[in-house]
Each structure stands twice: as structure tokens, then as C-alpha cells.
Amino acid sequence: MQLIKKPFVFARHAQSADNAAGIIGGSTDSPLSNLGVLQAKAARPYLDRPWSAIYTSDLMRTIQTAELASPRHTLTQMTELRERHWGVFEGQPIMDDMNYFETPPEGEPWSDFLERTVNAVNTILLTHEAPLIIAHSGIYRALQHVISGSPYGPRIGNADPVLITPNTNTSHGWDIIPFKGQLL
């Protein structure tokens, strides 16, 4: 599986009520926390710009983040950008040693989630130049896996956008760098 070689900006949603409680939200809908509202508004200087398109998952926390961070733009909700379904682990405390390759009981297998993520992002990249995608930490981990070969590493911060851009000078052919409004 590979991503289409086009730049895009990815942002994880701002802090949700589940994030604040330290529990796995997964595919469960959870609104932004009070801090999350502030985080989304703080991202506005970087994210309220003329995008070719803005895509979110269909979960409330991504939609609210996009509406607060980029209020002048039309959003396209895409179910395929939903967080992984963590089965019986949803609503449970976040574990420090999550095994992404193990299928949670009643949950979504990593391979299915990875395929769903790549197909969704490639669908967006086929029709848009330099879009903004606001989704979930799991979506970011899937992208990181496709780009670098591993989903493991630091968790992307809430409402901290990154530029994901092709770079033929790197071993894996991509750069992932903080996005602070630079031109794409």
C-alpha cells in the first residue's frame, strides 16, 4: 500500500471529552472538551486558509475542530476517516503499550484499518491539491506506518497540524513536519 505522492496537511482533532478522561474513544462519538475548544481556536491562524478541500471523519470531535479552526470553509465528512474501532476497549483507560497489530475483541483488524485509511486519503488526493484532513491519532499512525514502516512513535498532539509531503531525498520518500502556515 502506498500513498499518492502529493502534499497534504493532517491535523488530529482537538482534545475530546474522552481524551480528557484518559479513555479510548475509538469510533465512539465524543464532543470536544473545554480545552479542546480552545485548542481548535488556537489552530485557526494555521488552518483558516484557502484549502482545496477540508475533509473530516463523521465523528463530532473532528467536525467541531474543523468548524472552529477553519470556520469559513465547507467541510466534507468521510466515514472512512473514522478512528479505528477498538471493540471492547472503547471507553476503557488508554493503555501505554497498545499493540496496534493485535485485533481487539469485537474490534477492527489493523490491516483493515490501514487499508481503509490509505484508500480514503488516496481518494482525497486524487481529486484535490494540498487538502486539509482533520481526523484521529489512529489515522495518523496508519499514515506513519505506510510512510515509515511502523505505527509506533510519539502520539500526534491535539490540533497540532503536520505537513506530509513527498521528499525524494529521504529514505522513505516523505517528510512529516510541523505545519505553521507555510506555503505548500
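The values are calculated or read from the model by the stated rules, or taken from the named source; none is laboratory data. Keep in mind that this is a model prediction, so the values were computed, not measured. When we count neighbours, we look across all protein chains shown, and the Cβ atoms used for this are built from the backbone with ideal geometry, even at glycine. With ligands, DNA and RNA removed, areas are computed over all heavy atoms of the protein, side chains included. Shrake-Rupley method; radii C 1.70, N 1.55, O 1.52, S 1.80 Å.
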Hey, how many Å between the Cα centroid of the range 79-97 and the Cα centroid of the range 2-45? 14
Surface share of carbon and sulfur [accessible, 1.4 angstrom probe, percent] for the chain: 52
Quote the FRET efficiency, to the nearest 0.05, computed for Asp97 versus Asp29 with a Förster distance R0 of 22 Å and r equal to the Cβ-Cβ distance. 0.25
Around Trp174, what is the net charge, scoring Lys/Arg as +1 and Asp/Glu as -1 over all other residues with Cβ under 12 Å from its Cβ? +1
The range 54-184: relative contact order from alpha carbon pairs under 8 Å, six or more residues apart, as a whole percent, is 22
If you take every residue apart from Gln15 with its C-beta less than 13 Å away from the C-beta of Gln15, what net charge results, scoring Lys and Arg +1 and Asp and Glu -1? +2
What does the charge dipole of the chain about its Cα centre add up to, to the nearest 20 debye, if the Cβ of each Lys and Arg holds +1 and the Cβ of each Asp and Glu holds -1? 780
As a test of the formula, what do you get for the chain when each DSSP H run with n ≥ 4 contributes -39,500 (n - 2.57) and the sum is divided by the residue count, at 222 nm and rounded to the nearest 500 deg cm²/dmol? -9000 deg cm²/dmol
With volume of the Cα convex hull per residue in Å³ as the read-out, I listed (1) 103; (2) 163; (3) 125; which label goes with the value calculated from this structure? (1)
If you find the alpha carbon centre of the range 146-184 and of the range 120-138, how far apart are they in angstrom? 13
Which sequence of Asp97, Asp29, Asp18 reflects their accessible areas, 1.4 Å probe, from the largest down? Asp97, Asp29, Asp18
Can you work out the accessible area per residue across the range 55-124, with the rest of the protein chains kept in place, probe 1.4 Å, in square angstrom? 49
So how much accessible area does Ile177 have, in Å² to the nearest 10, using a 1.4 Å probe? 70
Max mean-square fluctuation residue, GNM over the chain, Cα-Cα springs under 10 Å, options Pro50, Pro71, Pro151: Pro50
